[in-house]
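Let me begin by presenting the structure, written as structure tokens, before commenting on it.
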Amino acid sequence: MSHRPSSGLAAVSTALLAMSRHLEVRDVLKTIVASARELLDAEYAALGVPDDHGGFAQFVVDGVTDAQWKAIGPLPRQHGILAAMLRDAKTERLADVRTDPRFEGWPAAHPDMSDFLGLPVKDGEETIGALFLANKRCPKPQGSCGFTEEDEELLSILAQHAAIALTNARLYERSRELTIAEERSRLAHELHDAVSQKLFSLRLTAQAAASLVDRDPARAKGELQQVAVLAAEAADELRAAVVELRPAALDEDGLVNTLRTHIQVLDRAHSAKVTFDSRGIRALPAAQEEALLRVAQEALHNALRHSGAGEVDVALVRRGQGTVLSVTDNGRGFEPTAVRRAGRHLGLVSMRDRASGVGGVLTVQSAPGKGTTIEMEVPGG
């Protein structure tokens, strides 16, 4: 009988639910490995994702300390049992991996392993990883493997769902990369429309001042003062663009401080008054924080560039069991259904996708002459 702490459908269900909570590839890999090790009560577990050059693009372990992992050295190459699993797409259950003819040894700091269970993780016909466990925590008669046929079946079920979770995480990351590319394109247009125009005006004003210096010094002085104003506005526009290009500030400063800094820059760069209020917010998962930041940026872009608003208020607050971001402006507003029919979305599709991608909901309230409120709610916080 298996000596796992919990067994059967309940244990499998717990493992599958844990995998479904993550969107980042690295987080999914770590959850798969930890779930497999706990489910089968093994001392060690690992999952390798192959690259195209005979090595592993990613290799995640559980049961090995950070110090041990560092001492082991570089990621393994595809050789021995690992290579066989990837090449032959076949499950391997061994009483002692060290006695297998394909075994090629370990680095000096590698922990000692004996009984072994490994199988490929497949997406259709493509092998996208190798999942394996070692050292089952149970009594093992001489020459027999601690891992059973039941263990093999459970790990096979887990591997099938792991393939789905890993594929979904990869698709999510690719879609996010595409979104980042779209945002960079949008920023390029913003720089062209705003900063470039101000620099062009600055150049013309400086030329006018130069031509007036001798014949009308007073007017030349006025033009030079305008040059200073235009230069300051251009600098503020550039600062605002740089803030948008630096989502990494989330890792260092958190969502609240990153939003506050971003809004302070926008408040200086635009004639509209932009305010920020935050109450009772705790740290959120990284994917949710990034989605909230990006939705705030898109909503602010619409309010400041298209609405003609004199005031834009941003709030990030707790509501029941969730966190709510709201961006409200007193601009000209619009009819949301008319915007959809006209094929213009003002970034609403992108914002809704971001919200739903992290388990949230986006709502839009607007009417001609009544301003606009964009609200995004996510669980937690």
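What the table below lists for this structure:
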{"item": "Complete set of residues in segment 114-130 that are of a type in the set (Ser, Thr, Tyr) and not in a strand (DSSP E or B)", "result": "Ser114"}
{"item": "Pairs with Cβ under 9 Å, 6+ apart, first in segment 342-356 and in a helix (DSSP H, G or I), second open to solvent by 60 Å² or more (accessible area, probe 1.4 Å) and at pLDDT 80 or above", "result": "Arg352/Val361; Ala355/Val361; Ala355/Glu377"}
{"item": "Flag for Arg87 being closer than 30 Å to His301 by Cβ and open to solvent by 40 Å² or more (accessible area, probe 1.4 Å)", "result": "no"}
{"item": "Conditions (1) under 21 Å from Glu149 (Cα atoms); (2) out of contact with any strand residue (DSSP E or B) (no Cβ under 7 Å at 6 or more places or on another chain); (3) not hydroxyl-bearing (Ser, Thr, Tyr); number of the one not met by Pro107", "result": "(1)"}
{"item": "Count of residues meeting criterion [open to solvent by 50 Å² or more (accessible area, probe 1.4 Å), of a type in the set (Gly, Ala, Ser) and at pLDDT 85 or above] in segment 37-68", "result": "1"}
{"item": "Given (1) small (Gly, Ala, Ser); (2) modelled with pLDDT under 85; (3) part of a helix (DSSP H, G or I), number of the condition Ala218 does not satisfy", "result": "(2)"}
{"item": "Tabulated pairs, segment 202-225, first of a type in the set (A, V, I, L, M, F, W, C), second outside any helix (DSSP H, G or I), C-beta under 6 angstrom, 6+ apart or interchain", "result": "Ala220/Val213"}
{"item": "Matching residues, segment 250-290, being among the small types (Gly, Ala, Ser), more than 14 Å from Glu311 (Cα to Cα), without any contact (Cβ under 8 Å) to a residue 60 or more places away in the chain and in a helix (DSSP H, G or I)", "result": "Gly254"}
{"item": "Within segment 363-381, tally of residues that are open to solvent by less than 20 Å² (accessible area, probe 1.4 Å) and farther than 15 Å from Thr337 by Cβ", "result": "5"}
{"item": "Conditions (1) closer than 22 Å to Ile157 by Cα; (2) part of a helix (DSSP H, G or I); (3) at pLDDT 85 or above; (4) open to solvent by 30 Å² or more (accessible area, probe 1.4 Å): number failed by Ala71", "result": "(1)"}
{"item": "Qualifying positions in segment 109-168 - acidic (Asp, Glu) and under 34 Å from the mean Cα position of the chain (by Cα)", "result": "Asp123, Glu125, Glu126, Asp151, Glu152, Glu153"}
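Matching residues to (1) modelled with pLDDT of 85 or more; (2) within 21 Å of Leu255 (Cβ to Cβ); (3) in contact with a helix residue (DSSP H, G or I) (Cβ under 7 Å, 6 or more places away or on another chain):
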site: Gly280; (1), (2), (3): no, yes, no
site: Gln297; (1), (2), (3): yes, yes, yes
site: His301; (1), (2), (3): yes, yes, no
site: Ala342; (1), (2), (3): no, no, no
site: Gly357; (1), (2), (3): yes, yes, yes
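The values are calculated or read from the model by the stated rules, or taken from the named source; none is laboratory data. Just so it is clear, the structure is predicted and the values come from calculations on it, not from any experiment. Cβ atoms come from the backbone with ideal geometry, glycine included; neighbour counts cover every protein chain shown. For accessibility, only protein heavy atoms count, side chains too; no ligands or nucleic acids. Shrake-Rupley method; radii C 1.70, N 1.55, O 1.52, S 1.80 Å.
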